[in-house]
2 protein chains.
Amino acid sequence: MKLLDLYAKLKRDISYIEKELERSIDVEHPMLREASLHLLKAGGKRIRPVFVLLGAKFGIYDLERVKHVAVPLELIHMASLVHDDVIDDASTRRGQLTVRSKWDNRIAMYTGDYIFAKALNIVTKLPNPQIHQILSKTLVEMSIGEMEQIRFFFHTEQTVRDYLLRIRRKTALLIAISCQLGGLAAEAGENFCRQLYAFGYNVGMAFQVRDDLLDLCGTEKEIGKPPGSDIKQGNITIPVIFALQDEALRPKLLEEIVRIQATDGQTDISAFLQMIRTSDGIRCAEELASKYIDKAIRALDKLPDIQAKKDLISVAHFVGNRSY
Amino acid sequence: MKLLDLYAKLKRDISYIEKELERSIDVEHPMLREASLHLLKAGGKRIRPVFVLLGAKFGIYDLERVKHVAVPLELIHMASLVHDDVIDDASTRRGQLTVRSKWDNRIAMYTGDYIFAKALNIVTKLPNPQIHQILSKTLVEMSIGEMEQIRFFFHTEQTVRDYLLRIRRKTALLIAISCQLGGLAAEAGENFCRQLYAFGYNVGMAFQVRDDLLDLCGTEKEIGKPPGSDIKQGNITIPVIFALQDEALRPKLLEEIVRIQATDGQTDISAFLQMIRTSDGIRCAEELASKYIDKAIRALDKLPDIQAKKDLISVAHFVGNRSY
């Protein structure tokens, strides 16, 4: 099954969430509204709301309740992207100008703060304190992850574990709690929610590994920005860490990375990309992603065999093979 | 009574909150801890925790519960300061280097995000959903206020109302809910909490008006930064708005403001300061602050005559006359 088919089935509910997203940022303040809408309209796969909806299918599915989790989680993702673009000095995302390049870093910071606060405000509509505890704990982890990114820029001695810890905070936790909070908002049992969390966590890890692979192997058209953006800003991802473990390749690769750092990323990186693409780092990273997808699917074992379970498995396979 | 005497009475409880503040940001991440601690150690009057504690005296005072509001509100204030320093390009605050100048804007942004998330995480220890709703609504307003500041930079046509709306969001709301949530956390009745809110709101408005007066009339020693920092960054405050209403003064004042804007604040502003200090704008602003203090004290009328009420009145008088 294609992801689009799945989306087709959930289409009505996703359209509704999309409208609620727009409604949520419809603030009186002109610049905030414009910047937030710009961000929303830049698109995205809305994968977090999809996970919330599918998670909720394991409980008493009520869109009117579940939207109070689906909308905030997408908003939090959006807010973290605007702030990310500030560290990354990113000028485009998904082929569109970023808020910081269309306006400036300060506007990006405050747009992020606003969307973030809005997200929290919506989730308080649900009285279950567990939801707020889980969410706020994740936000703390995410903000530590943002800082970690800076610390590890151009850090060629970092381990696989450093990388995994970083993408856990940066990506996996938010996807994990999307599944879990979908379940919790629908009052699915504790056990179900725990399994949904484990599923989301592993899918999230695979998602980020594939994302990092794409940045190195994709074309500009596929990824909406020039390949190699990660290394240009100093972000050493898992295929590179694996490639650095190859004693024969390591010295040349280090030399290239030092050169890229010295130019602040303002240099031709085709030699670097060529080295990585032909290295074993790609295969190792692909294997790692597959391992996470397998773990994700196994995490669903004890959940009832309803349609949503099949859909989650489809999304997992899709993430495992994604090439956009 | 001096504010210090009041603090002396609450000393043990404030010291405890101070320790909890330190504990709350004791994260493993070295840079985050350093930046957060730097911020915490830079001091501040801890006026928000004081208001929380005094508000709680109107209910069942239990420091172990109330700390889950007192600590977050001070953290939120701190987080908003770090982000504020980014818009203000501020290099010092309270005579100390700001996070953005000691490190950089990105570190300041993420330190703010982290402290913010931590604050939310602590407040989720209290199950009362009303507390979360009030807090998150205030955060939305505050973030709109941050953006408004940018919009009104060097905007000489702004009205008194524009200014009041801005300081409401920037300062007064957080002080208002400090009093209110102190009450709510201690399960004081709805009526009490409403009156505490009204008190805090009016004190907060007066607090900001006095702060803006200080920036224009204080000495560098008194305010921990050179006087006139506001106008240098384009922040037109109430004494200036009032002074601009004087037809005789207006043309010269406008000329000065245009000149300051043209140099991006990098100019001698002593002529501007002299004009304002000898204008009627100072007296009008002082009267406005007094009016808010009177309203604040009247808001306490129906609260029981316990010691905390006398203390709140003392704080209000202190704020009304503050010269540091």
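The values are calculated or read from the model by the stated rules, or taken from the named source; none is laboratory data. Since the model is a prediction, treat every value here as computed from it, not as a measurement. Cβ: placed from backbone, ideal geometry, glycine included. Neighbour counts: every protein chain shown. All accessible areas refer to the heavy atoms of the entire protein, side chains included, with ligands and DNA or RNA removed. Shrake-Rupley method; radii C 1.70, N 1.55, O 1.52, S 1.80 Å.
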Could you tell me which residue of the stretch A:145-155 is farthest from the other protein chains (Cβ to nearest Cβ), considering only residues that are more than 20 Å from A:F242 (Cα to Cα) and open to solvent by 10 Å² or more (accessible area, probe 1.4 Å)?
A:I150
Considering each residue of the stretch B:75-94, count those that are modelled with pLDDT under 75, buried (at least 18 other Cβ atoms within 10 Å of the Cβ) and more than 8 Å from chain A (Cβ to nearest Cβ), and give that number.
3
Looking at the stretch B:156-172, can you tell me whether even one residue there is over 17 Å from the mean Cα position of the chain (by Cα), at pLDDT 95 or above, within 14 Å of chain A (Cβ to nearest Cβ) and at negative phi?
yes
Okay, helices (runs of 4 or more DSSP H) sitting entirely in the stretch A:1-64 with 3 or more residues that are open to solvent by 70 Å² or more (accessible area, probe 1.4 Å), I get A:3-9, A:11-24, A:30-41
Of the residues in the stretch A:95-136 that are of a type in the set (F, W, Y) and farther than 30 Å from A:C193 by Cα, the one that is least open to solvent (accessible area, probe 1.4 Å) is A:Y110
Could you list, in sequence order, all residues of the stretch A:108-117 that are aliphatic (A, V, I, L, M), facing another protein chain (nearest Cβ under 7 Å) and touching a residue at least 24 places away in the same chain (Cβ under 8 Å)?
A:M109
Of everything in the stretch B:118-138, what is in contact with a His (Cβ under 7 Å, 6 or more places away or on another chain), under 25 Å from B:R33 (Cα atoms) and within 7 Å of another protein chain (Cβ to nearest Cβ)? Give them in sequence order.
B:T124
Against the condition within 27 Å of B:Q133 (Cα to Cα), more than 14 Å from chain B (Cβ to nearest Cβ) and open to solvent by 30 Å² or more (accessible area, probe 1.4 Å), how does A:E141 come out, does it pass?
no
Report yes if A:Q180 is away from every other protein chain (no Cβ under 13 Å) and under 19 Å from A:A79 (Cα atoms), otherwise no.
no
The stretch A:190-227: number of residues that are open to solvent by 20 Å² or more (accessible area, probe 1.4 Å), charged (D, E, K, R) and more than 24 Å from A:I306 (Cα to Cα):
6
Helices (runs of 4 or more DSSP H) contained entirely in the stretch A:203-306, each with at least 3 residues that are closer than 30 Å to A:E190 by Cβ and in contact (Cβ under 8 Å) with a residue 40 or more places away in the chain
A:281-299
Report, by residue number, each residue of the stretch A:15-33 that is within 10 Å of chain B (Cβ to nearest Cβ) and β-branched (V, I, T).
A:V27
Only one of these conditions is not met by A:Q245: (1) at pLDDT 95 or above; (2) under 26 Å from the mean Cα position of the chain (by Cα); (3) not β-branched (V, I, T). Which number is it?
(2)
